[in-house]
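Computed from the coordinates by the stated procedures, all read-outs in this text should not be read as laboratory data. Fair warning: this is a prediction, and the values are worked out from it, not measured in the lab. Heads up, the Cβs are rebuilt from the backbone with ideal geometry, glycines too, and the neighbour counts pull from every protein chain shown.
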Amino acid sequence: MNGARFLARNAFLWRAAFSMSTSASPRTVGLVGTGNVGSAVAVGLRKIDVSVKAFDLQQNNYNFLESTGTTLVNSPEEVTKDVDVLITALPKPQHVKSALEDTGMLSMLKEGSVWIDHTTTDYNETIRLGELATSKGVHAVEAPLTGGQGLMTVFVGGEEKVVQDVKPLMDSYTATFLYFGPLGKATVAKVISNMLCAAHLVAAGEALMLAKKAGLDMSNFFDGIRYSAGNSYVFETEVPLMFNGSYDPDFTIDLHCKDLALGREIATSNDSPLELLGLTEDIYRRAMEKYGKDVGSSFPAKMLEDDTGISQQQPGWEKWSYTMERVSGGGIGVVHRNRGK
């Protein structure tokens with residue numbers, strides 16, 4: 001992910017959104033993973049004066065985090081020593097396993113501490129690691145995150161009493177808190193959400209191509225969908241990235257394919273058909289094979305452009321950005337900045 005671009009775009013929003021207080025007793029938090037999500041977590045916690053120690057093998061965003069008062073450490077032993085809560089915010093399930101089990105971080109935590117995992121991961125692995133944590137006297141809470149721009153939503157699973165105890169911490173960096181029940185349920189919900197995002201994106205790319213071939217004014221078409229029943233959050237925030245040719249560089253196609261594979265595993269274990277979402281995964285995997293795993297997650301639309309020889313790039317969208325705002329009834333609206341005409 002392009003962490004520097006993400007932080008530059010969101011630093012002000014984080015500061016504005018999370019300047020709040022909590023009655024929770026002071027705690028020390030260890031943070032493993034300082035990419036986009038981990039950095040947002042650290043900023044929120046520091047806003048409520050929680051002591052944060054952070055560790056990342058790649059040292060992502062270390063300079064930025066140091067300016068927030070986050071303590072940067074260099075080993076698993078340091079990040080787990082004397083912490084009340086350990087938070088993991090890592091790219092993939094294997095990274096969580098490596099940190100907690102292979103490296104032994106769970107064994108380093110003191111009895112009665114809490115492990116919170118913000119990774120979008122394999123729900124069976126979440127349950128297994130949760131049981132391992134329990135055997136070592138550590139409470140496990142799953143908490144995958146979605147959204148951004150200062151309005152993140154957290155899907156939470158685990159023992160309700162433990163969840164409520166650490167909720168003030170998560171409230172410092174999220175805007176919406178949804179409790180799904182026992183460990184594993186929140187991860188299933190988050191994976192399904194990411195599957196829907198992928199399907200929306202593939203459909204948006206095909207809709208744009210049809211509109212372009214039919215001779216429509218593309219900016220007018222964009223607004224027409226925005227104000228109609230066909231709109232979605234993905235359409236509003238991904239189509240401009242097709243118009244400016246960046247194709248969502250802040251979330252890689254590799255990570256989205258990981259989420260689609262996790263969804264397929266959930267569907268298989270629950271004997272649930274995946275005709276449309278299965279086709280979506282096939283399209284994503286073809287795009288990753290063609291362009292590589294590090295390109296943006298909107299590249300299935302780029303593949304369609306290359307296959308047809310028709311570009312969707314439009315003038316005036318080069319500096320496009322957006323913010324998210326609460327709307328009446330509890331929803332979230334997208335506010336477009338510097339958009340083309």
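Between VAL334 and GLU101, residue separation times 0.36 nm minus the direct Cα-Cα distance comes to 79.9 nm. Both the radius of gyration and Dmax for region 189-337 are 15.6, 47 Å, in that order, over alpha-carbon atoms. For SER51, the residues 5 or more places off, or on other chains, whose built amide H falls under 5 Å of its own are ARG27, VAL29.
Calculated mean residue ellipticity at 222 nm for the chain: -15000 deg cm²/dmol, from DSSP H runs with n ≥ 4 weighted as -39500 (n - 2.57), summed, divided by the residue count and rounded to 500.
Helix screen, the chain: DSSP H segments with Cα axial length of 20 Å or more and mean Kyte-Doolittle hydropathy at least 0.0 are 185-213, 253-269. From the alpha carbon centroid of region 76-116 to that of region 163-193 is 18 Å. Using Cα springs under 10 Å in a Gaussian network model of the chain, which residue among ILE87, ILE310, ILE253 shows the largest mean-square fluctuation? Between ILE87, ILE310, ILE253, it is ILE310 that shows the largest mean-square fluctuation. Using only Cα atoms, locate the centre of region 117-153 and the centre of region 311-341, then give the distance between them in Å, rounded to an integer. For region 117-153 versus region 311-341, the Cα centre distance is 31 Å. First check a/c for region 28-181, with a ≥ b ≥ c the square roots of the eigenvalues of its C-alpha gyration tensor; if it is under 1.5, answer rounded, and if not, answer prolate when a/b is larger than b/c or oblate otherwise. Rounded is the answer for region 28-181, as its axis ratio a/c remains below 1.5.
Residue ranges 208-220, 51-63 sort as 51-63, 208-220 when ordered by packing (mean number of other C-beta atoms within 10 Å per residue, highest first).
Each Cα pair under 8 Å and six or more residues apart adds its separation to the average, and for region 189-337 the resulting relative contact order is 31 percent.
Using only side-chain charges placed at the Cβ, +1 for Lys and Arg and -1 for Asp and Glu, the dipole size of the chain relative to its Cα centre rounds to 860 debye. Its Kirkwood hydrodynamic radius, worked out from the mean inverse distance over all distinct Cα pairs, puts region 125-170 at 11.6 Å.
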